[in-house]
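To start, the structure under review is shown below, and the notes come after it.
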Amino acid sequence: YLANEKLYRTGYLSITRGDGGQNLIGDEQGVDLGLIRTQELLSARRIDGAEQFFSRAFDFGYSKSPDETLKFWGHQKILSDVVWVIRKFRPDVIITRFPTTGGHGHHTASAILAGEAFDAAADPTKFPEQLKQGVTVWQAKRLLWNTFNFGSTNTQRDDQFKIDCGGYNPILGKSYGEIAAASRSQHKSQGFGVAAQRGSVIEYLKTIKGTAPANDLFDDVDVSWQRAGNKNLANTINKVIEKFDVLHPEKSVPVLVNLYKEVDALQDNYWKEQKLYAIRGLIQNCSGLFMDATTNTQYA
């Protein structure tokens, strides 16, 4: 929903690669299973449109407590990984899947690390060596927990912030429930396939840190092109959208090339690089570029 309806740059951080779980489709275990689940996560992201990140944490099987988990992983080592991803990806909003107590130790540890990293990523005294590797400190606006009603456990409350993540995308020809089901069903080794659904899907979010959203998930966050450093870019973008011909996307290439030059001339900053990357993708897509690769060598 966030990637395809709201068109936000969306990331997914998996603390482990699921190495210690069960395998419903083969006899691979341990590192080999982690490789399979890595590919399943990447496959899911290709469907739902988010970017995939990992930490160095190893899934060593079921853990009864987050203390045990963090001791095994190395608390500071994995915290530094989470801080690195936040500083590199620069999320305005961070959402956790799990609470900080109860359940699988790996799950609760991930929520604990998120809370610690929310603060540490903005603190130049925490993991200062990272600041010499091309990232800067970063303060997200808010940290939220996506509460749930599963089995006999209901953590949803009426006073929590609500989002209707249902709806139908006429351009994609699918509802967000259908896209989510196709994405989740990539996790074949876990048997995580779910039925596709249409209609309203209400998600509940509890504010853990930062300012609570009142009207929108991105309250008090600038999500416009002004973030790249030029207030006039929005007018150019609107003209590109207005003149776009769905049957002849190639007609938009010249104006997109001009837009690229306009953005490239801006002072260097994080959002400039993100926008240049996005425009390059648009130019490639509108050009209809494709490549075939062939080889005379059967094996390598």
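Among the residues of the stretch 144-184, those that are farther than 23 Å from Asn4 by Cβ and not hydroxyl-bearing (Ser, Thr, Tyr) comprise Asn149, Phe150, Gly151, Asn154, Gln156, Arg157, Asp158, Asp159, Gln160.
I'd like the residue in the stretch 1-37 that is assigned to a loop (DSSP other than H, G, I, E, B) and basic (Lys, Arg) and, out of all such residues, is farthest from Ala57 (Cα to Cα). The residue in question is Lys6. Residues in the stretch 38-48 that are open to solvent by less than 20 Å² (accessible area, probe 1.4 Å) and touching a Ser or Thr at 6+ places or on another chain (Cβ under 7 Å): Glu40, Leu41, Ala44. Within the stretch 64-118, the set of residues being touching a Ser or Thr at 6+ places or on another chain (Cβ under 8 Å) and among the aliphatic types (A, V, I, L, M) comprises Ile78, Val82, Val85, Ala109, Ala111, Ile112, Ala114. Selection over the stretch 227-238 of residues that are in a helix (DSSP H, G or I) and either under 16 Å from Lys261 (Cα atoms) or in contact with a Lys or Arg (Cβ under 9 Å, 6 or more places away or on another chain) (or both) gives a count of 7.
At pLDDT below 95 and on the phi > 0 side of the Ramachandran plot - does that describe any residue in the stretch 89-104? Yes, the stretch 89-104 has at least one match.
For the stretch 278-300, the set of residues classified as loosely packed, with under 10 Cβ neighbours inside 10 Å and either β-branched (Val, Ile, Thr) or within 16 Å of Trp225 (Cα to Cα) (or both) consists of Thr294, Thr295, Thr297, listed by residue number.
The values are calculated or read from the model by the stated rules, or taken from the named source; none is laboratory data. A quick note: this is a predicted structure, and the numbers were derived from the prediction, not measured. We place every Cβ from the backbone using ideal geometry, glycine too, and count neighbours over all the protein chains shown. Surface accessibility is based on the protein's heavy atoms, side chains included, excluding ligands, DNA and RNA. Shrake-Rupley method; radii C 1.70, N 1.55, O 1.52, S 1.80 Å.
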